[in-house]
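Step one of this worksheet: look at the structure below.
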Amino acid sequence: MASPTLPHDANWVRADTLFSSEEVNTDLAIIGVPAREESLSPTSAHQSPDAIRSALARYSTYSRSHEVDLREIEMRDLGNVISPEYEDGELRVAEAVKDARSNHKLLVALGGDNSITYSVASGLWPEISHCGLITLDAHHDLRDGRSSGSPIWRLIQSGLPGTNIVQIGISDFANSREYSERAKDHGIHIFSRDLLRKRPISDVMLEALEIAGGSSREIYVDIDVDVCDRSVAPACPASVPGGISADELRQAAFLAGANSAVRAIDITEIDAASDSPDQRTIRLGALLVLEAACGVAKR
């Protein structure tokens, strides 16, 4: 079904107009990484980067809470990486992002399934041991093999110390004992879903940024939207009832964007084709982009 035509108002600028395609250095750049071939669940996540771009038209450029108008910063759209899966695709991702840390304060990668966390992070940091990683995810993603369930394990195998990794929102009955023990054995810092019932996400996120950043490390933040409650993320195949709220995830995206050590964020695991009729998951993905951008504007 075609989207309704949105009204035009010169005094209500839409957020989809913020992104330039010109080859300039910017405060924030987005890039689509429409991976789906290695997903553990059948998915149309390859449709999500463009769906998120379209959903930006639903929002304005102004954050009342932070008194920021995103028209005041420079943002660029780097387009989509073609066929980003498997070894050849990961090389294409690495080529597409190799200059991002030099050219932009923050790169936001729009997935695609969660396999892109490996390809984007390793493309940005060929010496992966030099960065820290925060995941907001119901799952450890420490599976063996090569899939949307293995990017964190693949990064560890490539040299990322487990002690540089913080995982927020890990859910009950969404992980096996074996992979939970693997996380513990490698020194990964875990803030479980249960803990988030006792501590505000803002406190947890600030502590996670301190751990992942160490004394001087740059940070990659992986936002797997299935960390959210299934009622707000129905388009995430592995979201569970009882996850965190959309508001909590938006706060986390803002705090990540506001921290100058954070150089890249990904937004993953949304299957645009299975969203609810009101597109609530895709619209949340678009808001995560805007919250991260608002954070950059406050740096």
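Data overview
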{"quantity": "Matching residues in segment 98-114 - criterion: being outside any strand (DSSP E or B) and surrounded by fewer than 24 Cβ atoms within 10 Å (Cβ to Cβ)", "calculated": "K98, D99, A100, R101, S102, N103"}
{"quantity": "Every residue from segment 235-294 that is within 23 Å of A212 (Cα to Cα), assigned to a loop (DSSP other than H, G, I, E, B) and hydrophobic (A, V, I, L, M, F, W, C)", "calculated": "A261"}
{"quantity": "Matching residues, segment 4-35, being modelled with pLDDT of 95 or more, in contact with a strand residue (DSSP E or B) (Cβ under 9 Å, 6 or more places away or on another chain) and either closer than 24 Å to E90 by Cβ or assigned to a loop (DSSP other than H, G, I, E, B) (or both)", "calculated": "W12, V13, L18, L28, A29, I30, I31, G32, V33, P34, A35"}
{"quantity": "Within segment 115-218, strands (runs of 3 or more DSSP E) holding 3 or more residues that are of a type in the set (V, I, T) and surrounded by 24 or more Cβ atoms within 10 Å (Cβ to Cβ)", "calculated": "165-170"}
{"quantity": "Residue check, L255 crowded, with 24+ Cβ neighbours inside 10 Å and either under 19 Å from S102 (Cα atoms) or among the hydrophobic types (A, V, I, L, M, F, W, C) (or both)", "calculated": "no"}
{"quantity": "Within segment 24-71, considering residues that are in contact (Cβ under 8 Å) with a residue 24 or more places away in the chain and of a type in the set (D, E, K, R), the one farthest from I270 (Cα to Cα)", "calculated": "R71"}
{"quantity": "Unmet requirement for H130, which otherwise passes all of (1) at pLDDT below 95; (2) within 15 Å of the chain's Cα centre (by Cα)", "calculated": "(2)"}
{"quantity": "Of the criteria (1) on the phi > 0 side of the Ramachandran plot; (2) under 17 Å from the mean Cα position of the chain (by Cα), which one E67 fails", "calculated": "(2)"}
{"quantity": "Options E87, E74, E95; residue that is touching a helix residue (DSSP H, G or I) at 6+ places or on another chain (Cβ under 8 Å), more than 28 Å from S239 (Cβ to Cβ) and free of Cβ contacts under 8 Å to residues at least 60 places away in the same chain", "calculated": "E95"}
{"quantity": "Tally, over segment 208-236, of residues that are touching a strand residue (DSSP E or B) at 6+ places or on another chain (Cβ under 8 Å), free of Cβ contacts under 8 Å to residues at least 40 places away in the same chain and not basic (K, R)", "calculated": "1"}
{"quantity": "Test result for A94, on the phi < 0 side of the Ramachandran plot, at pLDDT 95 or above and surrounded by fewer than 23 Cβ atoms within 10 Å (Cβ to Cβ)", "calculated": "yes"}
{"quantity": "Matching residues, segment 172-198, being in contact with an Asp or Glu (Cβ under 9 Å, 6 or more places away or on another chain) and more than 24 Å from S129 (Cβ to Cβ)", "calculated": "D172, A174, S192, R193, D194, L196"}
{"quantity": "The listed residue being polar (S, T, N, Q) and over 20 Å from I267 (Cα atoms), out of S176, S147", "calculated": "S176"}
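The values are calculated or read from the model by the stated rules, or taken from the named source; none is laboratory data. Worth saying up front: this structure is predicted, and the values here are computed from it rather than measured. Neighbour counts run over all protein chains shown; Cβ positions are idealised from the backbone, glycine included.
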